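Step one of this worksheet: look at the structure below.
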Amino acid sequence: MADKQVTNIGLALGGGGAKGLAHIRLLEVIDEFGIEPRCIVGTSIGAIVGVLYASGMSPRTLREEIQGASRNGKNSITDAAKNIFAWLQLVKVNWKGGSLLKADAFLDDLMKYVKVRDFEELRMPVRVVAADFWRRDEVVLGTGDIRTAVQASMALPGIFEPVVVDGRVLVDGGVVNPVPYDVIMDECDVTIAIDVMGRRTESARLVPSLQESIFNSFQIMQRAILRQKIAARPPDIYIRPEIVDVLMLEFYQAGKIFAQAEAAADQLRRELERLLERTSRQL
């Protein structure tokens with residue numbers, strides 16, 4: 001869309017489970033402008049999408065595959081799309097360990113799309129945020145094995161198994177930094193933060209189900225963390241797609257998620273147009 005290049009832009013992709021498919025639609029907008037981020041940082045689903053993008057996967061192609069899968073139904077989609085996005089078919093119940101689900105099959109198939117093993121092989125720097133369970137600290141991973149880092153970043157406590165890295169027990173980065181734009185602010189001229197936590201409407205029965213209680217309570221905590229961060233030091237561009245009534249593992253609602261992300265895509269497009277205009281005036 002635009003010939004001008006904006007340099008030194010950092011992109012932060014937040015966590016939110018299935019709602020993070022909205023990241024793909026927003027990456028499409030960034031591609032429209034011919035912008036390549038200087039670096040990407042992601043938490044949980046944001047880490048997954050960031051790694052896919054930095055490995056060279058086109059967001060448009062990715063969205064089209066998912067939309068085709070959604071139209072055709074879970075049983076008629078290609079094995080490739082099915083293996084990446086139908087989490088509920090891939091995870092394995094783990095009744096004896098410290099978690100409910102195992103995501104090994106998902107991670108195996110994810111790496112078939114990434115095609116590289118180490119962060120150093122990606123086309124731009126990517127950092128992945130996790131949390132040290134025992135020390136209660138943020139951990140930023142950006143070197144070495146990509147699969148291990150992504151697995152740690154998405155290890156939602158009690159749902160997916162924690163990951164041990166260099167003697168540290170790591171869990172989902174959303175417990176410490178759900179939209180980790182602050183990780184890259186000091187090294188980028190412009191930081192774009194994308195918050196895909198979405199929202200839930202109040203149930204008619206008021207008392208939530210067990211699944212609702214677990215996931216929504218986690219996101220109440222995340223919202224409080226993010227609110228304090230933004231009050232202290234906001235990002236240059238903050239985009240919050242209005243993803244409504246999608247639970248964390250409802251990847252089959254891809255069509256709904258993409259449709260709800262359109263308004264945010266338009267917002268990001270306007271923000272980037274203003275940024276390009278300011279940059280042009282300064283030249």
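Close amide-amide hydrogen proximity is noted between VAL169 and PHE133, TRP134, each under 5 Å apart and 5 or more residues distant or on a separate chain (H modeled in the peptide plane; Pro and chain starts excluded). Ranked by the mean number of other Cβ atoms within 10 Å of their residues, highest first, the peptides 170-178, 198-206, 255-263 come out as 170-178, 255-263, 198-206.
Let's test the formula: R0 of 41 Å, r as the Cβ-Cβ distance of THR201 and LYS112. What FRET efficiency results, to the nearest 0.05?
Working: r = 37 Å, r/R0 = 0.91.
Taking R0 as 41 Å, the efficiency between THR201 and LYS112 is 0.65.
Taking other residues whose beta carbon is less than 12 angstrom from the beta carbon of THR43, and scoring Lys, Arg as +1 and Asp, Glu as -1, yields -3. Using θ = phi - 60° in the Karplus curve 6.51 cos²θ - 1.76 cosθ + 1.60, the 3J(HN,Hα) couplings for segment 128-140 round to 10, 9, 10, 10, 7, 4, 7, 8, 6, 10, 6, 10, 10 Hz; x is entered for Gly and Pro. Taking label positions 7 Å along the Cα-Cβ direction at both ARG227 and GLU242, the computed distance is 2.0 nm, reported to one decimal. So what's the net charge close to GLY167: Lys and Arg +1, Asp and Glu -1, counting the other residues with Cβ under 13 Å from its Cβ? Charge balance in the 13 Å sphere: 0. Mind checking which aspartates and glutamates have their C-alpha under 16 Å from LYS112, skipping anything on the same chain fewer than 8 residues away? The reachable aspartates and glutamates, counting only those whose Cα sits under 16 Å from LYS112, are GLU65, ASP79, ASP104, GLU121, ASP145. As a rough guide to protection, the peptides 33-42, 180-189 ranked by mean Cβ packing within 10 Å, highest first, stand as 33-42, 180-189.
In order along segment 156-161, the Karplus-derived 3J(HN,Hα) couplings, from 6.51 cos²θ - 1.76 cosθ + 1.60 at θ = phi - 60°, round to 4, x, x, 9, 10, 5 Hz, and Gly and Pro are given as x. In this structure, GLU212 and ARG123 have a Cβ-Cβ separation that, at R0 = 25 Å, corresponds to a calculated FRET efficiency of about 0.05. Distances between placed amide hydrogens fall under 5 Å for VAL139 paired with ALA130, ALA131, ASP132, all partners being 5 or more residues away or on another chain.
When peptides 13-25, 125-137, 107-119 are sorted by average Cβ neighbour count within 10 Å, with the highest value leading, the order is 13-25, 125-137, 107-119. 3J(HN,Hα) couplings calculated from phi for segment 174-179 with the Karplus curve 6.51 cos²θ - 1.76 cosθ + 1.60 (θ = phi - 60°) are, in sequence order, x, 6, 10, 8, x, 9 Hz; Gly and Pro show x.
Computed from the coordinates by the stated procedures, all read-outs in this text should not be read as laboratory data. Remember, it's a predicted structure, so these values are computed and weren't measured experimentally. Because the Cβ atoms are built from the backbone with ideal geometry, glycine has one as well, and the counts that use them run over all protein chains shown.
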